[in-house]
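Structure first, commentary second.
The values are calculated or read from the model by the stated rules, or taken from the named source; none is laboratory data. Here the structure is a predicted model, which means the values were calculated and not measured. Every residue, glycine as well, gets a Cβ built from its backbone with ideal geometry; the counts of neighbours run over all protein chains shown.
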Amino acid sequence: MSGAAATRDGEAPEHSPPSSPSYDVTGKNKVVTVDGVRVKLQIWDTAGQERFRSVTHAYYRDAQALLLLYDITNKSSFDNIRAWLTEIHEYAQRDVVIMLLGNKADVSSERVIRSEDGETLAREYGVPFMETSAKTGMNVELAFLAIAKELKYRALWQPDGPSFQIRDFVESQKKRPSCCSVL
Ligand SMILES: Nc1nc2c(ncn2[C@@H]2O[C@H](COP(=O)(O)OP(=O)(O)OP(=O)(O)O)[C@@H](O)[C@H]2O)c(=O)[nH]1
């Protein structure tokens, strides 16, 4: 799982993830320009520490956005998503932006989770969904852009301003894997 906290560029985030020499979480900054506004995302990857639940709570408690990734070639990673969503409900900020991503979309020959299954789960929880590939880059930038747009929209919300729906945006922009395996 990855978490993100956004600041207007140049501002320090209010909270930082806990640092511990035992748990190597690498933080990265990514600046996304949304309609001329630079949104700085500070990104943390829980990187294999998911079994240390008490540690991961500390990371996502203050996150403004959470990217939940499963591997389309690994059923247990998909099955774990429900448990993550329950955890998030309990420990994350109430208005945290959540996005479900089915990664490794490039390896269609090993696919065990259908795209529709990801879509159904996402619909059940009311979160945007897309398949990604960290290898080819498919939909990766879009995931960060959608998060940045949503956070910017919330930060600068005005009653008479334009509305933004992250799920609609993702649906209109996402690419589908070009090759379809029939399951
Ligand atoms: N083909 C393909 N391989 C990927 C993709 N994303 C990650 N991998 C590979 O999958 C393996 C695991 O990737 P990680 O990024 O370490 O996955 P992780 O779930 O964060 O693993 P931990 O850090 O141990 O939790 C590596 O060999 C990556 O190269 C992808 O989109 N496509």
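Worth a mention:
- Looking across the range 63-114, the residues that are under 17 Å from the mean Cα position of the chain (by Cα), of a type in the set (Ser, Thr, Tyr) and under 20 Å from MET138 (Cβ atoms) come down to TYR70, SER77.
Okay, residues lined up against (1) modelled with pLDDT under 95; (2) among the small types (Gly, Ala, Ser); (3) out of contact with any Ser or Thr (no Cβ under 9 Å at 6 or more places or on another chain); (4) surrounded by fewer than 20 Cβ atoms within 10 Å (Cβ to Cβ):
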| site | (1), (2), (3), (4) |
| --- | --- |
| ASN80 | yes, no, yes, yes |
| THR86 | yes, no, yes, yes |
| ALA92 | yes, yes, yes, no |
| ASN103 | no, no, no, no |
| GLU110 | no, no, no, yes |
| ILE113 | no, no, no, no |
| GLU119 | no, no, yes, yes |
| ARG123 | no, no, yes, yes |
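- Taking first residues from the range 68-84 that are farther than 15 Å from GLU124 by Cβ and partners that are of a type in the set (Gly, Ala, Ser), the Cβ contacts under 6 Å between residues at least 6 apart in sequence or on separate chains come to ASP71/SER77; ILE72/GLY102.
- Helices (runs of 4 or more DSSP H) contained in the range 79-179 and holding at least 1 residues within 16 Å of the ligand (Cβ to nearest atom) and closer than 20 Å to LEU41 by Cα: 140-155
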